[in-house]
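Participant: Following this message is one structure expressed as structure tokens.
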Amino acid sequence: MALALQWQLQLPLQLQARPPTLAASHRRQGRLLTPVRHAPPLRARCCAGAADDAGKTQAAARRAYPYDEIEPRWQRYWEEHRTFRTPDIGEGLDTSRPKCYILDMFPYPSGAGLHVGHPLGYTATDILSRFKRMKGFNVLHPMGWDAFGLPAEQYAIETGTHPKITTERNIARFRTQLKSLGFSYDWDREISTTEPDYYKWTQWIFLQLLKRGLAYQAEVPVNWCPALGTVLANEEVVDGVSERGGYPVIRKPMRQWMLKITSYADRLLEDLNELDWPESIKEMQRNWIGRSKGAELVFSAVDKEGHDLGATLLVYTTRPDTIFGATYLVVAPEHVLLSFLTSEEQRSHVDEYRDLAARKSELERTDLQKEKTGVFSGSYAKNPANGEMIPIWVADYVLGSYGTGAIMAVPAHDSRDHEFAVKYELPIIKVVSPPNGSCDPAEAYADDGIMINSSSTSSGLDINEMLSQDAAKKVIAWVESNGFGKKKVNYKLRDWLFARQRYWGEPFPVSYLDDTNEMVPLSEDELPLTLPELDDFTPTGTGEPPLTKATNWVRTIDPLSGKPARRETSTMPQWAGSCWYYLRFMDPENSSILVDKAKERYWGPVDIYVGGAEHSVLHLLYARFWHKVLYDMGVVSTKEPFKCLINQGLILGEVEYTAYRDSEGRWVSADSDSSLIDCYQEKVPADKVTKVGDHYVLKDDPNVRLNARAYKMSKSRGNVINPDDVVSEYGADSLRLYEMFMGPLRDSKTWSTGGIEGVHRFLGRTWRLIVGPPLPDGSYNDGTMTTEDKPTLDQLQILHKCIARVTEEINETRFNTAISAMMEFVNAAYKWETQPQSVTESFVLLLSPFAPHLAEELWFRLGHRQSLAYEQFPEAKSEYLEESRVVLPVQINGKTRGTILVDKACSEDDVFQIAASDEKLSKYLAGKGIRKRIYVPGRILNVILDQQKART
Ligand code: ANZ
């Protein structure tokens with residue numbers, strides 16, 4: 001943002017400094033202007049007389065160049081010429097060239113239309129795509145729609161509009177909006193996950209998962225939302241209520257389709273190492289997979305008299321070394337043995353506790369801030385290490401879905417167990433001593449150390465004085481040889497709940513025989529199984545999906561056995577379609593195979609994948625899982641789908657300023673010592689605010705400090721910026737440039753209207769630099785102001801430095817600094833007497849990935865008759881990059897007395913003359929005899945004076 005400010009400050013001065021009659025002076029001097037071409041004169045409305053409407057006048061005044069005529073023209077041109085169509089293999093694609101597959105996370109076409117957050121990533125990928133094309137790559141840059149999902153269905157319930165209609169309408173709007181931003185997508189490859197031609201292959205992948213035993217049905221506790229009448233995924237539940245609508249959610253067991261992603265846990269973990277992804281995202285995936293090494297230990301259950309109950313409890317621990325410190329066991333409320341372990345005295349307490357726990361989400365249960373609760377079961381377990389009886393409790397901080405659903409609690413060394421033991425007065429036995437010094441007895445010591453209190457003569461196990469890690473190994477070996485357990489690797493990753501009780505999703509290609517209830521898959525040649533038409537989308541309320549209402553569709557005949565059957569009525573979750581769409585873009589129309597092998601081998605994997613950080617885990621993990629299955633099947637040739645991943649930052653709304661007033665309406669500074677509790681807050685418009693040091697204050701009263709904060713854009717805050725408005729007021733190129741100029745792509749940034757005006761003025765300056773100032777009637781001359789002069793050395797140096805910087809910054813995805821480099825170029829070019837055509841052409845090519853409409857228009861005016869999209873990107877020539885002048889230190893009698901600025905190519909005599917005439921150095925040299933001069937070009941000039949003369 002600092003750059004934006006600097007730019008705004010510089011602009012007015014430079015505008016004044018620009019000679020107004022440059023065009024005329026060139027004409028007078030008889031210099032060659034680029035000949036007039038066929039471009040129709042552009043009438044700029046900025047000088048078109050007084051507009052009666054004040055708003056219009058203001059908008060017109062902001063319009064720095066005729067983008068509203070330029071942009072639609074070039075969008076039409078690209079569409080008509082299918083400029084960005086990537087030919088297929090065998091259809092003219094030169095596969096000897098390198099490829100670059102640049103992909104955006106395709107959007108859900110919501111009813112709200114495009115948000116300014118969308119073009120952030122899309123502009124970045126567009127710049128990269130345009131750049132790579134100009135660098136000679138075959139570029140695949142497609143766009144499509146992730147269009148199944150809940151909002152269209154909710155809308156259908158509220159309004160009766162079929163989700164298909166809503167989806168088509170929303171897609172049409174998104175498409176128009178994206179086209180208005182000049183993105184270079186190959187629209188011939190557009191796909192939507194809701195099209196039967198597409199979801200045929202989603203269903204096909206499901207059948208392959210089924211064949212490989214990777215899809216199964218299980219009775220699992222799910223998030224059941226009675227109000228929505230549907231099951232929700234964990235991420236759709238926030239604090240015990242549905243993310244959408246805020247309805248209460250409870251846990252309820254249901255038969256569901258599951259995908260065995262856990263079979264791929266190790267590979268999903270290991271292959272992360274090869275990926276060029278942000279380390280933070282890789283770490284999030286590692287944590288999500290949550291691989292931990294430990295042991296499963298067997299404890300036998302006994303009653304209070306120590307009689308064997310004939311059942312064993314398996315616990316999972318990552319710290320088998322602490323076995324002597326286990327003072328109680330805990331089972332999860334959903335543990336299958338809980339009822340068996342519950343004594344009659346404790347039954348009512350345990351049952352009540354279990355019901356209570358069923359209403360909590362896993363997140364709530366594992367929240368470290370929440371107070372731990374639990375109930376004694378009435379039974380005990382025998383610790384295999386020392387034969388001691390320890391009580392078995394039930395507590396909801398232990399989850400049924402992780403490990404074995406039971407733990408040995410070691411309160412001295414685990415903070416959750418410690419908190420629980422203190423609350424319920426259970427014994428705490430220290431078994432690990434910190435290697436150096438003592439630890440706080442009021443807290444659990446969770447690190448490794450030296451074992452104490454850890455031997456038993458009855459069992460023969462002795463790990464005292466061992467280091468934790470060695471002790472753990474010894475315990476594992478001991479339990480394994482005595483039949484008390486085994487080494488175990490565990491994962492936090494759960495199998496993927498792969499069904500929703502909703503209408504607007506992919507139907508499962510399976511049915512159930514009426515007589516046996518046996519599940520039978522559809523044969524592949526029956527795909528796609530299309531969604532039936534339905535008028536009533538309301539949930540059945542029983543958990544039965546809305547598709548149950550399509551009775552004719554549900555009733556079917558199994559073609560293999562000829563028996564009557566019913567179709568599956570759940571649908572696939574929204575993640576399904578987005579798991580493999582990047583493959584379909586390579587071959588979108590293939591009706592016989594998901595993706596042609598040769599096409600996949602050429603285009604795969606995605607080279608650059610850009611999207612929001614909210615997809616760091618689920619989408620990216622699910623897609624990687626499917627990809628690996630397809631890899632094992634030989635459908636794809638790479639282990640991973642996305643080589644390089646970039647997460648664009650969030651765009652926050654414009655900074656909001658608030659001031660405080662006391663009860664009498666007087667301003668109170670935000671840093672005031674007096675309490676602000678009794679004050680009320682008031683929003684202050686930005687034009688009444690100024691910055692002093694690091695703080696914002698009232699312009700009229702700088703003693704009053706304000707609070708300044710940017711919020712996430714939301715309808716309710718009223719701070720949403722609609723890209724359509726920005727495009728109509730400043731043009732698509734300004735929006736693109738601004739979003740890139742706001743700051744580093746990956747950072748969060750705040751929107752600023754002042755900022756967009758700045759980049760818009762830069763584009764206007766670029767336009768006038770090349771085309772010339774507007775004529776008195778507001779129109780512009782045809783052609784350009786460029787001349788056929790040979791560029792000067794200075795001009796070439798400035799150009800090639802700009803080329804080098806822009807190239808490097810694009811390669812490093814630092815688009816904001818690439819734009820600064822171009823701004824510096826334009827500033828420098830304004831000082832030139834002439835604008836040589838060759839220099840201007842190179843600059844226009846540099847600008848084109850960022851502001852493609854303006855660049856195409858200028859390219860046309862420079863005399864070209866084809867789009868610049870496939871022109872060669874300018875190459876920086878090293879001879880113009882080196883600084884020709886150096887700062888040379890000058891030593892006199894071995895002492896550095898000053899520096900001089902000299903041309904690198906200067907001769908020794910010239911350098912000496914410059915030194916002798918330098919104000920500071922001349923006093924050491926004037927009138928002195930010179931014994932010796934040592935000149936190392938570009939490094940140093942050393943002058944040894946004649947001693948005799950020096951003394952005189
Ligand atoms: C004894 C112990 C002693 C443990 C100690 C930790 C420290 P990670 O690393 O996340 O895998 N645990 C096991 N199953 C659990 C479940 N279903 N719900 C809640 N907690 C469970 O953590 C494994 C540790 O978490 C296990 O090791 C167990 O507590 C607990 F000083 O066992 B430990």
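Nothing in this text is a laboratory measurement; each read-out follows from the coordinates by a stated rule. What you see is a predicted model, and the numbers here were worked out from it, not measured in a lab. Note that we place each Cβ from the backbone using ideal geometry, even for glycine, and neighbour counts take in every protein chain shown.
Participant: Would you order ASP68, ASP903 from fewest to most other beta-carbon atoms within 10 Å of each residue's own beta-carbon?
Facilitator: By the 10 Å Cβ count, ascending, the order reads ASP903, ASP68.
Participant: Something else: What span do the alpha-carbon atoms of segment 82-127 cover on each of the three principal axes, reported in whole Å from largest to smallest?
Facilitator: Reported extents, whole Å, longest axis first: 42, 19, 17.
Participant: Right, here's the next one. For segment 212-318, what mean projected area does the convex hull of the alpha carbons give, in nm²?
Facilitator: 11.6
Participant: Also, quick follow-up: Percent of Cα-Cα pairs per 10 Å bin, from 0 to the last occupied bin, for segment 845-930, please list those.
Facilitator: 14, 28, 13, 12, 16, 13, 4
Participant: If you filter segment 515-600 for GluC sites (Glu not before Pro), then keep DSSP loop positions with at most 12 other Cβ within 10 Å, what is left?
Facilitator: Qualifying residues, ordered by number: GLU533, GLU589.
Participant: Just the Cα atoms of segment 717-794: what Rg and Dmax do they give in Å?
Facilitator: Values for segment 717-794 (Cα only, Rg and Dmax): 16.8, 56 Å.
Participant: With axes computed from alpha carbons, what is the tilt in degrees of helix 753-771 against the longest principal axis of the chain, rounded to the nearest 10 within 0 to 90?
Facilitator: 40
Participant: What is the fewest-to-most order of TRP288, TRP751 by other Cβ atoms lying within 10 Å of their Cβ?
Facilitator: Ascending Cβ contact count within 10 Å gives the list TRP288, TRP751.
Participant: What is the Rg over Rh value, at two decimals, for segment 373-442, using alpha-carbon atoms and the Kirkwood definition of Rh?
Facilitator: 0.98
Participant: Post the alpha-carbon centroid distance, segment 423-456 to segment 849-914, in whole angstrom.
Facilitator: Using only Cα atoms, the two centres lie 68 Å from each other.
Participant: Can you flag which of LYS895/LYS932; LYS252/LYS563; LYS282/LYS372; LYS599/LYS639; LYS628/LYS749 are past 24 Å Cα-Cα?
Facilitator: LYS252/LYS563; LYS282/LYS372; LYS628/LYS749
Participant: Please report Rg over Rh for segment 679-773, where both radii come from the alpha carbon positions and Rh follows the Kirkwood definition.
Facilitator: 1.05
Participant: Of the lysine pairs in segment 652-719, how many meet both conditions: Cα atoms under 20 Å apart, and a spacing of 8 or more in sequence or different chains?
Facilitator: Close lysine pairs found across segment 652-719: 6.
Participant: For segment 466-552, how big is Rg over Rh, using alpha carbon atoms and the Kirkwood form of Rh?
Facilitator: 1.34
Participant: Also, quick follow-up: Take the Cα pairs of segment 725-880, get the Kirkwood Rh, then feed it into Stokes-Einstein at 4 °C and 1.567 mPa s and tell me D in µm²/s.
Facilitator: Reported coefficient: 80 µm²/s.
Participant: In Å, the Kirkwood hydrodynamic radius of segment 885-945 over pairs of distinct alpha carbons?
Facilitator: With all distinct Cα pairs of segment 885-945 included, I get 11.2 Å.
Participant: OK, next. Report the Cα centroid-to-centroid distance between segment 151-203 and segment 699-771 in angstrom, as an integer.
Facilitator: Between the Cα centre of segment 151-203 and that of segment 699-771, the gap is 29 Å.
Participant: Across 5 Å bins from 0, what is the distribution of all Cα-Cα pair distances for segment 604-721, in whole percents?
Facilitator: 2, 10, 13, 13, 10, 8, 7, 6, 7, 7, 6, 5, 4, 2, 0, 0
Participant: With the alpha-carbon atoms as the only input, what is the per residue convex hull volume for segment 609-665 in Å³?
Facilitator: Output value, Cα hull per residue: 93 Å³.
Participant: Within a Cβ distance under 10 Å of GLU296, other residues only, what is the Lys/Arg minus Asp/Glu net charge?
Facilitator: +3
Participant: I'd like the orientation of helix 279-289 relative to the chain: the angle between its Cα long axis and the longest Cα principal axis, in ° from 0 to 90, rounded to 10.
Facilitator: Here the helix axis deviates by roughly 10 degrees.
Participant: By how many degrees, between 0 and 90 and to the nearest 10, does the Cα long axis of helix 908-917 differ from the longest principal axis of the chain?
Facilitator: Result, in degrees: 80.
Participant: A further question follows. Which whole-percent values make up P(r) of segment 640-706 when all C-alpha to C-alpha distances are grouped in 5 Å steps starting at zero?
Facilitator: 3, 15, 22, 17, 11, 7, 5, 4, 4, 5, 4, 2, 0, 0
Participant: Relative to the compact-globule scaling 2.2 N^0.38 Å, provide the ratio for the alpha-carbon radius of gyration of the chain.
Facilitator: Cα-based Rg divided by the globular estimate yields 1.21.
Participant: Over the Cα atoms of segment 291-491, what Rg and Dmax result, in angstrom?
Facilitator: Just the Cα atoms of segment 291-491 yield Rg and Dmax of 16.2, 48 Å.
Participant: Another question, if that's okay. Which of the lysines could a cross-linker bridge to LYS790, judged by Cα under 24 Å and excluding same-chain residues fewer than eight apart?
Facilitator: List returned: LYS801, LYS831, LYS877, LYS904.
Participant: A further question follows. Which ordering of LEU181, LEU652 is given by a fewest-first count of other beta-carbon atoms within 10 Å?
Facilitator: LEU652, LEU181
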